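A short worksheet on the structure shown next.
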């Protein structure tokens with residue numbers, strides 16, 4: 001059968017900014033003759049995520065993600081439906097997801113890399129398995145629970161950078177539900193600020209493109225900052241850390257402002273900011289959700305219940321067609337998305 005796929009056409013290069021031309025859509029032939037343990041899937045939704053930027057390099061710099069190879073199919077989070085199966089775990093019509101889903105309209109995959117999902121957990125919104133009820137939601141929930149030390153009744157203030165992105169938009173809501181009395185989001189447009197406050201229940205939002213972040217933080221966080229969910233790094237994080245309280249906590253989730261630079265992860269801090277961390281006894285530990293997968297099932301169920309009840313609101317930016325994968329990835333890296341960036345491949 002003829003299928004379309006997206007391959008890595010070129011690498012951005014050292015300190016390079018990704019462009020859509022780094023990806024190429026091509027047609028290929030897929031042999032639907034399955035071996036034992038394999039399934040044929042039709043792709044419904046694909047995900048693009050900031051961590052993928054390191055996979056465009058020859059060396060990712062991390063041990064949990066391998067680099068994409070030139071002229072080979074790109075992969076990431078995906079959701080699809082089983083069309084035929086030679087794996088006893090899956091039957092035709094099953095909805096499945098994987099972290100290693102090829103960017104293809106159809107694919108033959110090993111059953112061992114797939115996970116069956118129940119559409120009722122997301123009221124039929126299958127793309128949520130790539131976001132709020134998937135790895136993104138897990139990162140937000142477990143990041144706060146494992147590294148944030150949020151305590152009900154402790155009058156804590158949380159700040160979230162990249163707050164209108166896939167992870168940040170969930171993290172702020174979890175922080176509020178877990179007991180923070182004040183949750184402030186930092187994002188890149190007035191539209192996003194409005195969505196954070198009006199739709200997601202953030203206490204306040206700061207547009208880092210048009211406002212003085214340090215001055216607005218003092219205004220929005222009069223009692224200082226106790227928990228910082230860091231998705232961006234760089235100058236924004238320096239501004240937040242400077243105003244953090246003694247014995248507070250940084251949840252080091254991502255550093256998207258630094259991903260196009262040839263620096264180690266996490267990027268080094270200035271002597272001044274490092275001194276602030278030490279003087280105030282602020283914890284700043286790298287958080288990798290893969291280290292907590294033994295808590296995934298219970299956490300995903302909790303997230304699904306939150307989404308179904310309306311306590312967790314989901315923001316998505318959806319584009320249609322596999323040919324838009326490169327555009328969607330590059331837009332996401334520049335903050336063009338509100339919530340999770342999703343590409344719909346088929347009905």
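Since every read-out is calculated from the coordinates, none of them should be taken as a lab result. Fair warning: this is a prediction, and the values are worked out from it, not measured in the lab. Cβ: placed from backbone, ideal geometry, glycine included. Neighbour counts: every protein chain shown.
Calculate how many DSSP beta bridges within the chain are antiparallel, expressed in % of all such bridges and rounded to the nearest 5.
Working: 32 of 60 bridges.
The antiparallel fraction comes to roughly 55 percent.
Using only the alpha carbons of the range 108-161, determine the length spanned along each of the three principal axes and report them from longest to shortest in whole angstroms.
On the principal axes, the range 108-161 reaches 50, 24, 20 Å in Cα extent.
What does the highest-first list of 30-40, 72-82 look like by mean Cβ count within 10 Å? If you can, show how the numbers build up before the last one.
On the way: 30-40: 14.2, 72-82: 22.0.
Sorting 30-40, 72-82 by mean packing, highest first, produces 72-82, 30-40.
Let me understand the chain better: what is its radius of gyration from the alpha carbons, and its Dmax, in angstrom?
Expressed in Å, the Cα Rg and Dmax of the chain come to 20.3, 64.
From the alpha carbon gyration tensor of the range 172-241, can you work out the equivalent ellipsoid semi-axes (sqrt of 5 times each eigenvalue) and give them in Å, largest to smallest?
Result for the range 172-241: semi-axes of 17, 15, 11 Å.
Rounded to the nearest 5, what % of DSSP beta bridges with both residues in the range 135-290 are antiparallel? Don't skip to the end; give the middle numbers.
On the way: 0 of 21 bridges.
The answer is about 0 percent antiparallel.
Counting only helical runs of four or more DSSP H residues, what would the 222 nm mean residue ellipticity of the chain come to if each run contributes -39,500 (n - 2.57) and the total is spread over all its residues?
So the helix-based figure for the chain works out to -6500 deg cm²/dmol.
Ranked highest first by average number of other Cβ atoms within 10 Å, how do 332-342, 18-28 line up?
Per-residue Cβ counts within 10 Å, averaged per peptide and sorted highest first, yield 332-342, 18-28.
Order 213-223, 270-280, 54-64 from most to least packed using the mean count of other Cβ atoms within 10 Å.
For the peptides 213-223, 270-280, 54-64, the packing ranking is 213-223, 54-64, 270-280.
Once every Cα of the range 198-302 carries one equal point scatterer and solvent is ignored, give the base-10 log of I(q)/I(0) from the Debye formula at q = 0.16, 0.20 Å⁻¹, two decimals.
-0.84, -1.17
Could you work out how far helix 166-178 tilts from the main Cα principal axis of the chain, as a 0 to 90 degree angle to the nearest 10?
The helix 166-178 is inclined about 50 degrees to the chain.
Could you give the Stokes-Einstein D for the range 135-290 in µm² per second, using the C-alpha Kirkwood radius, 10 °C, 1.306 mPa s?
105
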